[in-house]
Amino acid sequence: QKEVEQDPGPLSVPEGAIVSLNCTYSNSAFQYFMWYRQYSRKGPELLMYTYSSGNKEDGRFTAQVDKSSKYISLFIRDSQPSDSATYLCASRSGGSQGNLIFGKGTKLSVKP
Amino acid sequence: DSGVTQTPKHLITATGQRVTLRCSPRSGDLSVYWYQQSLDQGLQFLIHYYNGEERAKGNILERFSAQQFPDLHSELNLSSLELGDSALYFCASSVAQGGDTEAFFGQGTRLTVV
């Protein structure tokens, strides 16, 4: 079992839809959770960073972490064609072990 | 722009050759991480350096090596290249070596081995 599992999609939604992207993780030591957006052939861009369970909101984006079920979600409200990209979830444990463990990414397409 | 600079952007080389990929972290960041991204494997962690010292190794082949210099830039050396080494190679940087710090990625080096 991979430490971070993510449905690769692809996911296609109409413009304006609410998008839900999800990951599960298996390592109980993971304490920090991130969502990255990656456009084709570009570097991953940090979108959201959370530490504790609960919700964190930034504009149209909401990151949700449920540590009891080891579930990570990213919600995108009022999705736009410019949101079309691959979304990667990542987790890391605490302490000095700083490398991020990534899911394989979900490819999202928002149709006008 | 994340502030992390990688060169070159593209590299085409033959099997058996050796290449060096370079990464300049964001100003003030002491940690550099290297990742390999291929279509079927996603982003795979290779190696982590903090302030010049190796901190962690992931799925890095023995043919690959890395170092971080006193000015904090890092180089990833890939030798005896094989077709399967063709991938995107990313570096990321962060202020600290782990825990509660964000990691920012460069634009990557696309390596094609022919």
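Only the coordinates and a few stated rules stand behind these numbers; no lab work does. Since we're looking at a predicted model, the values are computed, not measured. Glycine also receives a Cβ, built like all others from the backbone with ideal geometry; neighbour counts cover every protein chain displayed.
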Subject >> Charge tally in the Cβ shell below 10 Å around B:L72, where Lys, Arg are +1 and Asp, Glu are -1, B:L72 excluded >> reply: -1
Original post:
Binning every alpha carbon pair distance of the protein assembly as shown at 5 Å from zero, what are the percents per bin?
Top reply: 1, 7, 15, 19, 19, 17, 12, 7, 3, 1, 0
Original post:
Which net charge results when you count Lys and Arg as +1 and Asp and Glu as -1 among the other residues whose beta-carbon is under 11 Å from that of B:Q41?
Top reply: +1
Original post:
In a Debye calculation with equal point scatterers on the alpha-carbon sites of chain A and no solvent, what is log10 I(q)/I(0) at q = 0.13, 0.17 Å⁻¹?
Top reply: -0.45, -0.76
Subject >> Neighbour-count order for B:Y49, A:Y39, fewest beta carbons within 10 angstrom listed first >> reply: A:Y39, B:Y49
Original post:
So which of A:K42/A:K107; A:K42/A:K67; A:K2/B:K57 end up more than 20 Å apart, counting from Cα to Cα?
Top reply: A:K42/A:K67
Original post:
Using alpha carbon centroids, what distance separates region B:1-31 and region A:49-65, in Å?
Top reply: 31 Å
Subject >> Neighbouring partner chain Cβ atoms per residue of B:36-47, average, 10 Å criterion >> reply: 3
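Given N residues in chain B, what is its alpha carbon radius of gyration divided by 2.2 N^0.38 Å? Don't skip to the answer; put the middle values down first.
Working: Rg = 13.2 Å, N = 114, 2.2 N^0.38 = 13.3 Å.
Cα-based Rg divided by the globular estimate yields 0.99.
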Original post:
Want the number for B:F69 to B:I12: 0.36 nm per residue separation, take away the alpha-carbon distance, what's left?
Top reply: 18.0 nm
Original post:
What does the charge add up to near A:P112, with Lys and Arg as +1, Asp and Glu as -1, over the other residues with Cβ less than 14 Å from its Cβ?
Top reply: -2
